[in-house]
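The structure appears below as structure tokens.
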Amino acid sequence: MDPSQLKYAETHEWAFIDGDVATIGISSHAVEQLTDLVYMDLPTVGASVSAGTPFGEVESVKATSDLYSPVDGEVIEVNSTLPDNLDLLNTDPYGEGWIMKVKLSSHDAVAKLLDQAGYEKQCSEQG
Amino acid sequence: MLLIDHAARGSWNMAMDQAILEWVDYHPQIVLRFYQWNPATLSLGYFQRHADRSLHSSSAELDLVRRASGGGAIVHDQELTYSLFVPVAQRLSQSHRDYYDLVHQVFIDLLAEMGVQTQLYVGESAGEAQKSFLCFERRSPGDLILSGFKVGGSAQRRSRQTILQHGSLLLRQSSAAPELPGILELSGATVDYLGFATQVAEAIGERMQVNFSRGDTPVEIVDATKRIEIEKFSNLAWNQNR
């Protein structure tokens, strides 16, 4: 996926919106900051997710971090190969490294997400 | 805020850490807590498999709790445990790793005053040692090393606005982990829990420019701890969920 066509949460997750379905992942900036990822927890298909609340977890050496959903809806598919191939987050965070697909219950949260320029500005300000 | 707690069961200790983590989200301030464990408890790292405790027979009879932080299993028995809560604007910044070194350097300095020469581990974290069931048999940069043995380690849990870093300083060997000598066995030094915790708090306060004042745990944190312990850390669904 083209990063310039994605929407971004302040918490570093990206969303590709295709009609009522959002594909979700985490940004290359987040992967770089987390470093040395060793484990990932995926949500369950059928689970409800809501914008701004945790849907999964990642562990890097010495630190566990929540992943936050950028959208509201129901999980309809997860990238089940990802936890055993976490290097995909390094090599292709916007493609093969996708995490889940969500059927949107509302587009309200999508409207609040950042575009690529806004997200990169946030990252540069945070250092 | 500085909390120096009495020894408590593992599920209570972990619930208290989470309750403070959530509290700091709404009351941004640096909180430092010290605690010990009674009864001795085996804690699993967040992603460890419950079945893997069978790999370590000498701790088989201990109570068990799963931590919210990562890393390997820890036998919490003869140790000083701390948790440090820091409000942050950017939860993923690599600079948060500096808190490991900050706390461990305080340990190094204070132990040196007692004649105990510890140092930070500076090697690689990869390799078979990183797969060991016990955290204190693993090695990561920043671990506290004494005579080649790990005697101190820390891990972080990062929520949206707060970092929880908790860690253990191995004061004495435990009969539930006889392969891990503590500071007493390696140096002959005895570390007094209350006195050392007070010194550590003063030193961390100086480095973080915080005046820690020791007080009682706020009632809302105690109430949240009771709830979280029941819902999560004393619950088999959490402790055996993988």
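Conditions tested, residue by residue: (1) within 23 Å of B:Val75 (Cβ to Cβ); (2) modelled with pLDDT under 95; (3) out of contact with any Lys or Arg (no Cβ under 8 Å at 6 or more places or on another chain).
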| position | (1), (2), (3) |
| --- | --- |
| B:Ala155 | yes, yes, no |
| B:Leu164 | yes, yes, no |
| B:Pro181 | yes, no, yes |
| B:Val200 | yes, no, yes |
| B:Ile204 | no, no, yes |
| B:Val219 | no, no, yes |
| B:Asp223 | no, no, yes |
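Taking the criterion of being in contact with a strand residue (DSSP E or B) (Cβ under 7 Å, 6 or more places away or on another chain), β-branched (Val, Ile, Thr) and within 18 Å of B:Asn235 (Cβ to Cβ), would at least one residue in the stretch B:27-46 satisfy it? Scanning the stretch B:27-46 turns up at least one residue that is in contact with a strand residue (DSSP E or B) (Cβ under 7 Å, 6 or more places away or on another chain), β-branched (Val, Ile, Thr) and within 18 Å of B:Asn235 (Cβ to Cβ). A single entry from B:Lys232, B:Lys150, B:Lys226 fulfils the requirement of being among the charged types (D, E, K, R), under 24 Å from A:Tyr39 (Cα atoms) and in a helix (DSSP H, G or I): B:Lys232.
Each residue in the stretch A:58-97 was checked for being crowded, with 20+ Cβ neighbours inside 10 Å, within 14 Å of chain B (Cβ to nearest Cβ), part of a strand (DSSP E or B) and within 14 Å of the chain's Cα centre (by Cα), and 4 pass. Residue by residue through the stretch A:6-45, note down the ones that are of a type in the set (Ser, Thr, Tyr), assigned to a loop (DSSP other than H, G, I, E, B), surrounded by fewer than 22 Cβ atoms within 10 Å (Cβ to Cβ) and under 12 Å from the mean Cα position of the chain (by Cα). Of everything in the stretch A:6-45, just one residue is of a type in the set (Ser, Thr, Tyr), assigned to a loop (DSSP other than H, G, I, E, B), surrounded by fewer than 22 Cβ atoms within 10 Å (Cβ to Cβ) and under 12 Å from the mean Cα position of the chain (by Cα), namely A:Thr11. In the stretch B:29-46, is there at least one residue being surrounded by fewer than 21 Cβ atoms within 10 Å (Cβ to Cβ) and closer than 30 Å to A:Ser124 by Cβ? Checking the stretch B:29-46: at least one residue is surrounded by fewer than 21 Cβ atoms within 10 Å (Cβ to Cβ) and closer than 30 Å to A:Ser124 by Cβ. Checking each residue in the stretch B:100-115 for being within 14 Å of chain A (Cβ to nearest Cβ) and surrounded by 21 or more Cβ atoms within 10 Å (Cβ to Cβ) picks out B:Tyr100, B:Val103, B:His104.
Taking the numbered list (1) in contact with a strand residue (DSSP E or B) (Cβ under 6 Å, 6 or more places away or on another chain); (2) farther than 19 Å from B:Leu3 by Cα; (3) within 14 Å of another protein chain (Cβ to nearest Cβ) in turn, B:Ala177 passes all entries but (3).
The values are calculated or read from the model by the stated rules, or taken from the named source; none is laboratory data. Bear in mind the structure is a predicted one, so any value in this text is a computation, not a measurement. Cβ coordinates were reconstructed from backbone atoms using ideal geometry, including for glycine residues, and neighbour counts include every protein chain displayed.
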